[in-house]
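Here is the structure we will look at.
The values are calculated or read from the model by the stated rules, or taken from the named source; none is laboratory data. Computed from a prediction, not measured in an experiment: that's the story for all the values here. As a convention, Cβ positions derive from the backbone with ideal geometry for all residues, glycine included, and neighbour counts pool all protein chains shown.
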Ligand code: NAD
């Protein structure tokens, strides 16, 4: 399954013989089975660990420390101690640190991509794309760090002068998911460090090794000890989450993950009135109008948006609405593309789609398919597990004849299942699109400029793709509305999440 030769170092040999599926890294020292606290690689005080498995093969990748709250307290203390010095480090110096970190990520992109594929399962080419996307947040925010301007404001009281300064909020607790093991973390740490904050990041239990490799590169980039701490946990995660959201020294919590967990963290954060931002689940509508100018582009956009990372991105098209005049032709061309997919382990040559993260995810995809077919949908392709490949593989699936009473219409599938819903009018489809409780991304294809403005403004989402299925860009603000959360990442706004505005009034001038 893995096209790698047996690695040469003793450590890597051991890994290879023990686990058989270890990819050969150019720099094997980036594979670290520890947590990173106060500039040191540490184990849990209890000595406990948890296992991490390759989603493609089920084989053991390695173990990480099962930290408990006493370990994480140490990380918070380290971040708290590092903060006074780091906040006063010149913006230009923080920029240089982030730039060095960016350079190291790019230099080690191949190894980082292999780690991502190994623990997340996505095809190696996609993992490389993720590394570049992840690195772009360090580059972007290194450019923002020296330009944290305040205002001078004409006062409304005679003789007064008002100015504002932007200041780092303090220690930040960051929690991220496994679906982008590198990018979800850098999208938070980049702006946090640019602002002058220090961080304790809880990495996802499914994909802790990518986060650890990033931390090792932070160390090599000369980021001072205590500024970046990476804590690892699996079963202790709810307790660790509670500590991060209630500890008085943690001033900001930024979470990316499911709406269910976001809701818990938001309640917990209330006790100490933390500054918070939530990047939560989506259920993106993808609409194709009869007046689409290029139907092939709409098909390509829908394929990219729906099936990237086997349907496991928060901005994945979940409900594909196609107007009656182009429905049949769209469905035909869409299915044709899905037929060309090649499912397999992320390291295999020529594969286009990998496994889902775990069996629960495959079960959820299947549940959505069964629910839809029991209510009258037809399976055009897929609709079952790829059991020959392993328990975490699900055949890319296309369903037609979808209706609004089906689970897929109201719940995020987070798997490789595309449901095509027919619709008649613009009003009908905008109402259907806006029925969701969440509102992260939405897409539509149309060649009518008046409709383009109307629909873009009417969709209740934080991000709209018009005549494109790909919207992620470091320059563009990323975030949702409704139960997809609030706060924006990337862009010129991302850094504001980690800063406070202080106004200073001068009297008797
Ligand atoms: P999840 O909410 O189960 O887990 C996300 C993170 O939270 C993980 O690190 C997990 O260990 C941690 N966690 C779980 N329970 C916790 C608790 N009680 N306290 C503290 N931390 C806890 O989500 P997931 O299944 O890992 O990720 C998929 C979800 O993430 C999807 O809903 C997806 O849409 C969403 N997502 C959103 C964005 C965005 O930018 N809006 C990006 C990626 C993923």
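Please list, ordered by first then second residue, the pairs with beta carbon atoms under 8 Å, 6 or more apart or interchain, first in the range 101-117 and in a loop (DSSP other than H, G, I, E, B), second at pLDDT 95 or above.
108/26; 108/27; 108/30; 108/213; 108/217
Filter the range 278-298 down to the residues that are more than 10 Å from the ligand (Cβ to nearest atom) and in a strand (DSSP E or B), then identify the one that is farthest from residue 168 (Cα to Cα).
Selected residue: 288.
Among the residues of the range 120-145, write down those that are within 16 Å of the ligand (Cβ to nearest atom) and more than 30 Å from residue 351 (Cα to Cα).
None; the set is empty.
Considering each residue of the range 308-336, count those that are touching a residue at least 12 places away in the same chain (Cβ under 8 Å), part of a helix (DSSP H, G or I) and farther than 14 Å from residue 288 by Cβ, and give that number.
5
Residue 414 passes all but one of (1) farther than 16 Å from residue 321 by Cα; (2) more than 26 Å from the chain's Cα centre (by Cα); which number fails?
So residue 414 meets the others, but not (2).
Among (1) closer than 28 Å to residue 463 by Cβ; (2) at pLDDT below 95, where does residue 338 come up short?
It fails just one condition, (2).
Would you call residue 78 in contact (Cβ under 8 Å) with a residue 40 or more places away in the chain and under 27 Å from residue 142 (Cβ atoms)?
Yes, satisfied.
Tell me which of these residue 420 doesn't satisfy, since it passes every other one: (1) away from the ligand (no atom under 16 Å from the Cβ); (2) in contact (Cβ under 8 Å) with a residue 40 or more places away in the chain; (3) over 13 Å from residue 319 (Cα atoms).
(3)
Which residue is nearest to the ligand (Cβ to nearest atom), if the candidates are limited to the range 472-487 and must be touching a residue at least 24 places away in the same chain (Cβ under 8 Å) and over 20 Å from residue 436 (Cα atoms)?
It comes out as 472.
Checking the structure you have, find out if any residue of the range 121-138 is under 17 Å from the mean Cα position of the chain (by Cα), over 28 Å from residue 76 (Cβ atoms) and without any contact (Cβ under 8 Å) to a residue 12 or more places away in the chain.
yes
Residue-by-condition table, conditions (1) under 28 Å from residue 316 (Cβ atoms); (2) buried (at least 21 other Cβ atoms within 10 Å of the Cβ):
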site: 222; (1), (2): no, no
site: 234; (1), (2): yes, no
site: 242; (1), (2): no, no
site: 257; (1), (2): yes, yes
site: 284; (1), (2): yes, yes
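Among (1) surrounded by 24 or more Cβ atoms within 10 Å (Cβ to Cβ); (2) within 16 Å of the ligand (Cβ to nearest atom); (3) not in a strand (DSSP E or B), which single condition is residue 469 missing?
Exception for residue 469: condition (2).
Looking at residue 301, is it at negative phi, more than 16 Å from the ligand (Cβ to nearest atom) and in contact (Cβ under 8 Å) with a residue 60 or more places away in the chain?
Yes: the conditions hold for residue 301.
What number goes with the only condition from (1) closer than 26 Å to residue 329 by Cβ; (2) outside any helix (DSSP H, G or I) that residue 305 does not pass?
With respect to (1) closer than 26 Å to residue 329 by Cβ; (2) outside any helix (DSSP H, G or I), residue 305 is out only on (2).
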